[in-house]
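Readers should treat all values here as calculations from the given coordinates under stated rules, not as data from a laboratory. Note that the coordinates shown come from a computational prediction; the quantities given were computed from them, not determined experimentally. All Cβ positions, even for glycine, are placed from backbone atoms using ideal geometry, and neighbour counts span all protein chains on display.
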Amino acid sequence: MGATAPLGFFDPVGFAKEGDESGFRNLRAAEIKHGRVAMMAAVGAVAQHYIQFPGFEGVPADLAAVTTAPGSYGFAALFILSGVAELAIWKQDDKKEPGNFGDPLGLGQYNEDMRGKELNNGRMAMIAALGIVAADIFTGKDGMQQLGLGAIRERTSRVALRATAANGEVFQPAKQMGATAPLGFFDPVGFTKEGDESGFRNLRAAEIKHGRVAMMAAVGAVAQHYIQFPGFEGVPADLAAVTTAPGSYGFAALFILSGVAELAIWKQDDKKEPGNFGDPLGLGQYNEDMRGKELNNGRMAMVAALGIVAADIFTGKDGMQQLGF
């Protein structure tokens, strides 16, 4: 099932192996799962331009919704509920085909023809959702604005920019912290806009946050080859740890704790520079020089972590095995 025209069986990097039925079932279950999520995501990316739940009127209709309260709370709630549903309710029965969790509504439609349609629709939805996300990242526009249906919001932002320019106080992203040698100010796709200080602060906060996570991830990718906590001895040292119990439980716990820390403890103060959450240890080191070093180290760590993950996906080796250890 799934080898359909025009491509037929499509596995260019050889994920599926002859004789490995268990591995194929895991991959097929992941494909169906991602397809189902992508179908909902693609519809949601269009619908959220027009529909907002009560209390969420101030949440953007694009990817910024995930990091803008209360949208971030809704995202965390959906993540937790999805995890509970997958781990405790909709468990895969090895006696059934992947993705078959019964027919609670008694529709009697989960036959071979419907399964094939679901696979194909899910594959198309994954491409569509990825395209919407990529376009959002590069343009800052939601799913409908990408089709030219967001002119009102764009005109409003231009009016605000012209008003700011008339007062002679245009914010210059190129003159902010982080424009360092050898590249200087580097924003090839134009994420930052002159006059948009709020947008710049959000992007800088995201950069610092991703950099801090990447620094821990890059170190962890090396350390986990040698170090394992009690009870986790059977968990792989590569990306498979995220999907292998009890590693998956640890990942879920870390995600929840990180969400609580970000949403309830380490809140950004608009009066301070992005990423400044105080100095609880009294080190007195968060000066301009240290901020610059953190940005640069974080950028290098993001490249390193991405490289480790990519190599793991293509080779199945953890961070140290990739170096021959």
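Quick notes
- 0 to 90° range, to nearest 10: angle between helix 112-139 axis and the chain longest Cα axis: 10 degrees
- Pairwise centroid distance, computed over Cα atoms, of the range 231-305 with the range 187-211, Å: 19 Å
- For the range 49-125 and the range 1-37, distance of Cα centres in Å: 20 Å
- Computed over the chain: relative contact order in percent, which uses C-alpha pairs under 8 Å that are six or more apart: 17 percent
- Angle between the chain longest axis and helix 21-47 axis [Cα atoms, degrees, rounded to 10]: 50 degrees
- Estimated 222 nm signal from helices in the chain, with DSSP H stretches of n ≥ 4 weighted -39500 (n - 2.57), rounded to 500: -16500 deg cm²/dmol
- Between helix 288-315 and the chain: long-axis angle, C-alpha atoms, 0 to 90°, nearest 10: 20 degrees
- Take every Cα pair under 8 Å whose residues are at least 6 apart in sequence, average their separation, divide by the length of the range 47-148, and the relative contact order is 30 percent.
- Between the residues PHE10, TRP90, PHE75, the greatest Cα displacement towards the positive end of the dipole of the chain, with unit charges on the Cβ of Lys, Arg, Asp and Glu, is found for PHE75.
- Loop-located GluC sites (Glu not before Pro) in the range 167-210, at most 16 other Cβ atoms within 10 Å (DSSP): GLU169, GLU194
- Cut-off 13 Å between beta-carbons: net charge of the residues surrounding GLN322, Lys and Arg +1, Asp and Glu -1: -2
- The gain in end-to-end length when the THR68 to LEU283 segment is fully stretched comes to 74.3 nm, 0.36 nm per residue minus the alpha carbon separation.
- Whole-number D in µm² s⁻¹ for the range 164-251, Kirkwood Cα-pair radius fed into Stokes-Einstein, 10 °C, 1.306 mPa s: 96 µm²/s
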